[in-house]
Structure formats: structure tokens, C-alpha cells
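Chemist: Pasting a structure here, questions to come.
The values are calculated or read from the model by the stated rules, or taken from the named source; none is laboratory data. Quantities reported herein were computed from a predicted structural model and do not represent experimental measurements. Positions of Cβ are generated from backbone atoms using ideal geometry, with glycine treated the same way; all protein chains shown enter the neighbour counts. Note: areas computed on protein heavy atoms with side chains; ligands, DNA, RNA excluded. Shrake-Rupley method; radii C 1.70, N 1.55, O 1.52, S 1.80 Å.
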Amino acid sequence: MTTEPDATAPPRDYRLLVPRDWFRIDLAQERWRAQLKTFVDHQADGKNVPAEIKQETWATLRNTAEAAARTGALEFFLRPELEGGGILPASLIVSLIPRPGGLTPEDLRESFEAKERQNQAGAEVSAVTLPAGEAVRVVGPTTLDLYVRMPGGVGYLALAFAVPVSGVNGPMRRLCDSIAESLRWIM
């Protein structure tokens, strides 16, 4: 006799489909700095990128990865976008936000809406339903963040997209939404 997976149990893992041209860095491994350096070097090769820009990009991405890893990030995906000789990657940071027993998507949405009213940053906050479950979406001019509630009420998986060159409108918005809609739980 086979049994269905328990939908109230926490997932063992997740699966996310990200396009092949996005460079994946595993922030759970100590080798992420070398992976990040490889990305920056590869993007600069043959493009006449000044050394200062290359170093500045490396430092910015390293600082972003370090901050993300400290706060529970699991993966860092980078997609190069070149503008004016610089290296400005679009990125996706996947993070685990533990909230045992806690915050409902409605509560989370209300919290983000209150924060936006205070900051007046112009971000759009909404509740969405993804195949993986209920989520809260926060969209700014160059960012799109999704907080997807995990089965078993253990917390949220955060998908934080940043698109500094083209912003999160048009094709990039559709791409970010498609990546988020591919999220599936492994039970």
C-alpha cells in the first residue's frame, strides 16, 4: 500500500528551475568566494572591462553574498547584464526564513504594506498563489521579492530578484515570475 506525502510535514528540499545562463553559487559551501571570483573573471574576459570596475563588481557581489549567507541564504544565481563596459548582473538569492508555527501570508503582507506606507519607496505589495503555495510579492523598480510559505508552517522560502539594468518590468518580470512559479517542494 502506498501513502500520499503528508502536506502538513515540512519539505525535505525544494526544486527551482533557473535558466542555464544564470551562474549558480552555493552559499552553503565554503567555496562560494572562488565560485563568485570565477563568475566575475569570466564576465570580464575579452570585454575590455577596466580593473577598477572588475574589482568594484567583485566587492559588491562578495558583500551581497556574505550578507545573504549570514541571514540564511542558500543559493545565489547571477545573470550577466552588460552596460557601458561594466558588469551588472541580474541576481536571485534564495533564502530560508524559519518561522515555526507563525506568521500567515496575510500577516506578512500586512506587515510589508505598513512598512511601505512608512518608507514611501513605491513598492507594490500583493498576495499571490503559486503552485508551491501562498506567497507575498513585493515589487520595487529594480527588485522583486517573493516569500513563499513552506508546508508544515515552518517558515518561508524567499526568492529575492534584483535587476539593476533593465528593472523588473516587461520580459524580466515575466522571467522572474516564471522562475518563481517553477518552485516545487520535495516532501
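Chemist: Pick out, from Ala73, Gly167, Ser182, the residue whose Cα sits farthest towards the positive end of the charge dipole of the chain, with +1 on the Cβ of Lys and Arg and -1 on the Cβ of Asp and Glu.
Modeler: Towards the positive end, the residue furthest out is Ala73.
Chemist: Modelled label-to-label distance, Gln120 and Arg62, 7 Å Cα→beta-carbon offset: nm?
Modeler: Each label point lies 7 Å from its Cα, and together they span 3.9 nm.
Chemist: Classify the stretch 91-187 as rounded, prolate or oblate, taking a ≥ b ≥ c as the square roots of the eigenvalues of its Cα gyration tensor: rounded when a/c is under 1.5, otherwise prolate if a/b is larger than b/c and oblate if not.
Modeler: oblate
Chemist: Would you kindly state how much longer the chain becomes between Glu110 and Arg31 on full extension, computed as 0.36 nm times their sequence separation minus their alpha carbon distance, in nm to one decimal?
Modeler: 24.6 nm
Chemist: Also, I was wondering about something else. Against the longest principal axis of the chain, how steep is helix 105-119, in degrees 0 to 90 to the nearest 10, with axes from Cα atoms?
Modeler: Tilt of helix 105-119: around 40 degrees.
Chemist: Within 13 Å, Cβ to Cβ, of Ile25, how many net charges do the neighbouring residues add up to if Lys/Arg are +1 and Asp/Glu are -1?
Modeler: +2
Chemist: Also: Which far-off residues, 5 or more places away or on another chain, put their amide H under 5 Å from the one on Glu75, with H placed in the peptide plane?
Modeler: Sorted by chain and number, the residues that satisfy this are Leu27, Val94.
Chemist: Compute the helix-to-body angle for 32-44: its Cα long axis versus the longest principal axis of the chain, expressed 0 to 90° and rounded to tens.
Modeler: 50
Chemist: Magnitude of the Cβ-charge dipole of the stretch 35-181, K/R +1 and D/E -1, about the Cα centre, nearest 20 debye?
Modeler: The dipole magnitude comes to about 140 debye.
Chemist: Report the residues of the stretch 157-187 in range of a label on Asp21: point 7 Å along Cα→C-beta, backbone N strictly under 19 Å from it.
Modeler: Taking a point 7 Å out along Cα→Cβ of Asp21, the residues of the stretch 157-187 whose backbone N falls under 19 Å are 161-180.
Chemist: Here's another thing I want to ask about it. Taking a point 7 angstrom from the Cα of Ala127 along the C-beta vector, which residues in the stretch 147-187 have backbone N less than 17 Å away?
Modeler: Residues 147-151, 153, 156 fall inside that zone.
Chemist: Would you work out which of Leu96, Val136, Val154 lies farthest towards the positive end of the dipole of the chain, given +1 charges on the beta-carbon of Lys and Arg and -1 on that of Asp and Glu, about the Cα centre?
Modeler: Projecting each Cα onto the dipole axis, the largest value belongs to Leu96.
Chemist: Express the carbon and sulfur contribution to the solvent-accessible surface of the chain as a percent, rounded to the nearest whole number, probe 1.4 angstrom.
Modeler: So the carbon and sulfur contribution to the accessible surface is 51 percent.
Chemist: Further, regarding this structure: Using alpha carbons only, how many degrees (0 to 90, rounded to 10) separate the axis of helix 51-70 from the longest principal axis of the chain?
Modeler: That works out to roughly 20 degrees.
Chemist: Here is a further query. Quick one, can you get me the convex hull of the C-alpha atoms of the chain expressed as volume per residue in Å³?
Modeler: Hull volume over Cα atoms, normalised by residue count, gives 141 Å³.
Chemist: Could you tell me how far the Cα centroid of the stretch 31-75 sits from the Cα centroid of the stretch 117-132, in Å?
Modeler: After rounding, the separation between the Cα centres reads 29 Å.
Chemist: For every helix of n ≥ 4 consecutive DSSP H residues, a contribution of -39,500 (n - 2.57) applies; sum these over the chain, divide by its total residues, and give [θ] at 222 nm rounded to the nearest 500 deg cm²/dmol.
Modeler: Only helices count here, giving -10500 deg cm²/dmol.
Chemist: Keeping all protein chains in place, calculate the accessible area per residue for the chain (probe 1.4 angstrom), answer in Å².
Modeler: 55
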